[in-house]
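Notes follow once the structure below has been shown.
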Amino acid sequence: MESTRKIIIAISGGGLAGAAAARALLRQPHLEVHIYESAPEFSERGQSIGLAINAQRALKSLVPDSGNLLSRAGAVPMNSTRIMIGSGPHAGTKVIDLAEENPGYMMHRAALLHELLEPIPRENMHANKKLVAIEQQPHGLTLKFEDGTSESADALIGADGIFGFVRSYVLGDNHPALKPVAAGWAGAMNMVPFAKARDTLGPESFKINRQYGWVGENGLMIHDLINNGEMVQCIGTSVDRNPSDDRRKSINREYLETVFAKWLDGPVAKGMIDLLIDQEHPAVYEQWEHQNAPTYVNGQVCIIGDAAHAMTPWQGSGAAAALEDAVVLGALFAHINSPDDVERVLNVYDAVRRPRTQRIAESSRLTGRILSGIDETVGLDPTIMHEALKNRWTFIHGFNLDAHIETAVQNLKNDAK
Ligand SMILES: Cc1cc2nc3c(=O)[nH]c(=O)nc-3n(C[C@H](O)[C@H](O)[C@H](O)COP(=O)(O)OP(=O)(O)OC[C@H]3O[C@@H](n4cnc5c(N)ncnc54)[C@H](O)[C@@H]3O)c2cc1C
């Protein structure tokens, strides 16, 4: 049935997933799109983010001049992610250059989000709108916000992150996969000026733009360039066998020297600890993830990004998966013109996106074990580690997004018959 009015789509959450979904949908004249963000302003917390080749493809599909967007965001093209051994008898040995053929871009998160949101009309962006209830009406949804206001929509895209609200509507309040679980690692981060990082860690690691990942006993240390190469992000992640419910835990030098005790006579740990501790409030952040959800959809409501599939960061793929989600939703909504078809779109979205995203999340868990030196079959042997890592990103980076979209659209058409 042809519709004479626009399909109204609400997006809850204005992070990377919400912004990407808005970009995918807003350019379609038959859709009216609004983003509702709980925070007083649209902004990203955290430091840098890497966009791997599959994320770059998804971004290009959302933003045809994505190269300019990346330049404006101060993105630094990486020549590879170089994995090195950080502790033990092989400390200082190179393991592998990952993503050398198809390098990633590193940038500041806030800069990327800013660029994604920039062209969205202000009247479609609503801050201070924390979604607290969703009511299914005979035709459409009523969304209720913490400030007492409400809005109607034909579809709700929950892009409200790992600790968001929409997942509970999709899975039910008591579902075992509802709440995030501690993944078993905690990481400290800092961002320092380039000259300081180079002077502390030595010029060798900064000859060309590269991300370095040092794998050692019970952890991983990373440094990479952002902000047009003016800043260096430093991360020290270690196994946390007694995770607490606190998302953030204050730390001091002693904490880092204890968790990285076996690294201290190696090539990188002392310098990295100096850089990590050199901030006003040093802290570690617990890694959280979701258990696999049995569905990403309930009626006219779906979840995308971290709300659907929060994963450990070991394969640097959470935001990439969110961008792919947005592209697929955009392609599907382009093929309907009535609110009556929303559920069909969301069901097809679920069917194509859930297997891919959950496969990445599962792969990421095991990659984390290898990259923090706790996989018993790999240990800290550079040759075995090379073999274990060399193909782990193939299915992520080599993904054929166009074919994926084609499958999704075909499924939608078949479903209409
Ligand atoms: C340490 C670390 C490193 C990572 N590195 C990479 C990387 O290099 N590459 C990569 O691809 N991925 C990476 N990721 C994953 C990536 O950061 C996430 O997958 C991505 O940021 C998720 O975006 P999102 O928009 O889904 O969620 P979020 O960024 O959490 O955004 C959710 C938004 O929803 C809002 N919100 C919450 N509740 C409500 C509500 N009730 N109503 C309205 N709004 C609400 C929040 O305020 C927030 O703005 C990393 C993750 C971590 C933890």
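The values are calculated or read from the model by the stated rules, or taken from the named source; none is laboratory data. What you see is a predicted model; the values in this text were computed from it and never measured. So basically every Cβ, Gly included, is an ideal-geometry build from the backbone, and we count neighbours across all protein chains shown. These accessible areas exclude ligands, DNA and RNA; they are computed on the full protein's heavy atoms, side chains included. Shrake-Rupley method; radii C 1.70, N 1.55, O 1.52, S 1.80 Å.
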Exercise. In the stretch 11-90, which trypsin sites (Lys or Arg not before Pro) fall in coil by DSSP and have 15 or fewer other Cβ atoms within 10 Å?
Worked result: Arg27, Arg45
For this session: Starting from the Cα of Lys207, move 7 Å in the Cα-to-Cβ direction to define the label point; list residues of the stretch 70-112 whose amide nitrogen is under 18 Å from there.
Result: 78-85, 92-98, 100
For this session: Calculate, in whole percent, how much of the Cα-Cα pair population of the stretch 277-330 lies beyond 17 Å.
Result: 50 percent
Seminar exercise, completed: Extension length gain for Lys144 and Lys413 (0.36 nm per residue less Cα distance), in nm, is 93.5 nm
Exercise. So how far apart, in nm, are the two label points at Asn391 and Glu101 if each is 7 Å from Cα heading toward Cβ?
Worked result: 1.3 nm
Exercise. With the contact rule set at Cα under 8 Å and sequence spacing of 6 or more, what percent relative contact order holds for the chain?
Worked result: 22 percent
Problem set entry | Cβ charges +1 (Lys, Arg) and -1 (Asp, Glu), total dipole of the stretch 64-179, debye | 420 debye
Exercise. Of all accessible surface on the stretch 273-376 at a 1.4 Å probe, what whole percent is carbon and sulfur?
Worked result: 46 percent
For this session: Show that you can apply the helix-only estimate: for the chain, add -39,500 (n - 2.57) for every DSSP H stretch of four or more residues, divide by all residues, and state [θ] at 222 nm to the nearest 500.
Result: -10500 deg cm²/dmol
For this session: Under 17 Å Cα to Cα from Lys207, which aspartates and glutamates show up? Leave out anything in the same chain fewer than 8 places away.
Result: Asp97, Glu100, Asp199, Asp224, Glu230
Exercise. Which of the GluC sites (Glu not before Pro) found in the stretch 85-193 are in a DSSP loop and have at most 14 neighbouring Cβ atoms, other than their own, within 10 Å?
Worked result: Glu100, Glu101, Glu146
Exercise. Any idea what the dipole of the chain comes to, in debye rounded to 20, about its Cα centre with Lys/Arg Cβ at +1 and Asp/Glu Cβ at -1?
Worked result: 440 debye
Problem set entry | Heavy-atom surface of the stretch 1-131, accessible at 1.4 Å and reported per residue (Å²) | 42 Å²
Exercise. Using r as the Cβ-Cβ distance of Glu280 and Thr4, and R0 as 45 Å, what FRET efficiency do you calculate, to the nearest 0.05?
Worked result: 0.20
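If you build the Cα gyration tensor of the stretch 264-417 and take the root of 5 times each eigenvalue, what three semi-axes come out, in whole angstrom, biggest first?
Square roots of five times the eigenvalues give 39, 19, 12 Å.
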Problem set entry | Whole-number accessible area per residue in Å² for the stretch 344-402, which is evaluated in the context of all protein chains at 1.4 Å | 42 Å²
For this session: In debye, nearest 20, what is the charge dipole magnitude of the stretch 227-316 about its Cα centre with +1 on Lys and Arg Cβ and -1 on Asp and Glu Cβ, if you could check?
Result: 200 debye
Problem set entry | Where N is the number of residues in the stretch 1-118, Cα Rg divided by 2.2 N^0.38 Å | 1.39
Exercise. What are the trypsin sites (Lys or Arg not before Pro) within the stretch 156-211 that DSSP puts in a loop, where the Cβ has at most 15 other Cβ atoms within 10 Å?
Worked result: Lys207
Exercise. Size of the stretch 98-188 along its principal axes in angstrom, Cα-based, largest extent first?
Worked result: 53, 39, 26
For this session: Could you provide, to the nearest whole Å², the per residue accessible area of the stretch 207-311 with probe 1.4 Å?
Result: 42 Å²
Exercise. Spin-label point model (7 Å from Cα, Cβ direction): what's the Arg198 to Glu118 distance in nm?
Worked result: 2.8 nm
Exercise. For q = 0.08, 0.09, 0.13 Å⁻¹, what log10 I(q)/I(0) does the chain give under the Debye formula with an equal point scatterer on each alpha carbon and no solvent?
Worked result: -0.44, -0.55, -1.11
Exercise. With all protein chains present, how much of the accessible area of the stretch 157-258 (probe radius 1.4 Å) comes from carbon and sulfur, to the nearest whole percent?
Worked result: 48 percent
For this session: Run down the lysines and flag those whose C-alpha is under 19 Å from the C-alpha of Lys179, throwing out any fewer than 8 positions away in its chain.
Result: Lys130
Seminar exercise, completed: Residues whose built amide H sits under 5 Å from the amide H of Ala310, excluding neighbours closer than 5 in sequence, are His290
Exercise. For Ala177 and Ser152 in one chain, what is 0.36 nm times their gap in residues minus the Cα-Cα distance, to one decimal in nm?
Worked result: 6.2 nm
Problem set entry | Net charge of neighbours whose Cβ lies under 12 Å from the Cβ of Ile374, counting Lys and Arg as +1 and Asp and Glu as -1 | -1
Problem set entry | Theoretical gain in end-to-end length, Glu41 to Asn292 [0.36 nm per residue, Cα-Cα removed] | 87.3 nm
Problem set entry | Flagged links, alpha-carbon separation over 28 Å, of Lys6/Lys417; Lys94/Lys262; Lys390/Lys413 | Lys390/Lys413
For this session: For Ala283, list long-range residues whose amide hydrogen, built 1.01 Å from N in the peptide plane, is under 5 Å from its own amide hydrogen.
Result: Met189, Ile251
